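Shown next, in C-alpha cells, is the structure this report addresses.
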There are 2 protein chains.
Amino acid sequence: MNILFKALNDTTRREILEMLKDGDMNAGDIADKFNMTKPSISHHLDLLKQADLVIAVKKGQFVEYSLNMTVMDEIMAWFVQFKTQ
Amino acid sequence: MNILFKALNDTTRREILEMLKDGDMNAGDIADKFNMTKPSISHHLDLLKQADLVIAVKKGQFVEYSLNMTVMDEIMAWFVQFKTQ
DNA sequence: TGAGTATTTAGACAATCTTCTAAATATTTT
DNA sequence: AAAATATTTAGAAGATTGTCTAAATACTCA
C-alpha cells in the first residue's frame, strides 16, 4: 500500500498513467511527452513498475509500458472502506 | 489533486483516516494512539486538513477532527476514469 | 488572575525524493 | 564488427518531508 501511494504522489507519474489509459506506449514516446530527460522518465516508470501500476514488456530495443488495472482495484478497495459505513 | 495524494502518502496519516472512520476524535486522543510526539501528529493533522480530508472543529480547549467524505469522492472519481474504458 | 491542560507554531536535522549529466547496456542495421 | 538507436544505471545536487524539542497560544477552572 505504501509503495502504491508513493507512486501516485507525483504529477508526472499520474500523467503517465492517464496517457497509458489511451493505449500502450514505449519509454521513448512517453519521455517525448514531457519536458524532462529520458533518465528522469525512466526513473518514474521504474517507480510505477515497482508499485505494479504498470507492466513493462521488452519488444526488441523498445520497452512497451501498459496499465495494470488489477492494482487500481486494490486502491479502490481501500477507499471503499470509507464509503461503506 | 496534488495535495490530496501528498496527504495520503504517509502511513500515519492513512491510519488517522482509518481511525476517524469509526468516529470523531480530538487531537490529543489521536496522538495517544501513536508512538510519536503531539507536534508531529499536529503536523500530520494539518496536512490532512489542507487536503480537505478532515474537518477540524474547536470545542473548548479541544479540537475535534472528523472525516470529510466529499473529498474521498473526488479521489474515487479519479480512479474510476481508469475502470470505465 | 494564575495554574494547568490542549494544541499549534517555529526552527532544526536527517532521510527521502526529483531531477540532472555521464556512462553503461541492449538491440538493430549497415 | 561498428555505428546508431533505445533504455537504464550510477552518482550528485537541491528541494521536500517527517520528526524532534522548545516555546507560544488558547482555553478552563480554582
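The values are calculated or read from the model by the stated rules, or taken from the named source; none is laboratory data. Owing to the predicted nature of the structure, the values given are computational and were not obtained by experimental measurement. FYI the Cβ positions are ideal-geometry reconstructions off the backbone, even for glycines, and counts take in every protein chain you see. Protein only, heavy atoms only, side chains kept; ligands, DNA and RNA dropped before computing areas. Shrake-Rupley method; radii C 1.70, N 1.55, O 1.52, S 1.80 Å.
Things worth noting here:
- Pseudo-label separations to other copies for residue B:24 - Cα-to-Cβ vector, 7 Å, nm: 5.2
- Cα convex hull of the protein assembly as shown - mean projected area over all directions, nm²: 11.0 nm²
- All Cα pairs of chain A, percent lying beyond 23 Å: 22 percent
- Between this copy and the others, label points of residue B:71 are 2.4 nm apart in ascending order, each placed 7 angstrom from Cα in the Cβ direction.
- Relative to the dominant Cα principal axis of chain B, helix B:69-83 is inclined by about 30°.
- What separates the residue A:1 label point from its copies, with the point 7 Å along Cα to Cβ, is 2.4 nm, written shortest first.
- Number of partner chain Cβ atoms within 10 Å, mean per residue of A:67-75: 2
- Where rotation carries B onto A, the chain B residue whose Cβ is nearest that axis, in whole Å: B:9, 2
- In this simple spin-label approximation, residue A:34 and residue B:66 carry label points 7 Å from Cα along the Cα→Cβ vector, and these lie 4.0 nm apart.
- When nucleic acids and ligands are ignored and a 1.4 Å probe is applied, residue B:80 ends up with an accessible area of around 60 Å².
- Listed by chain and number, the aspartates and glutamates whose alpha-carbon sits under 20 Å from that of residue B:83, ignoring those within fewer than 8 places in the same chain, are A:15, A:18, A:22, A:24, A:52, A:73, A:74, B:73, B:74.
- Each Lys and Arg adds +1 at its Cβ and each Asp and Glu adds -1 at its Cβ; summed about the Cα centre, segment B:3-45 shows a dipole of about 200 debye.
- Helix A:11-21 axis versus longest C-alpha principal axis of chain A: approximately 90°, rounded to the nearest ten.
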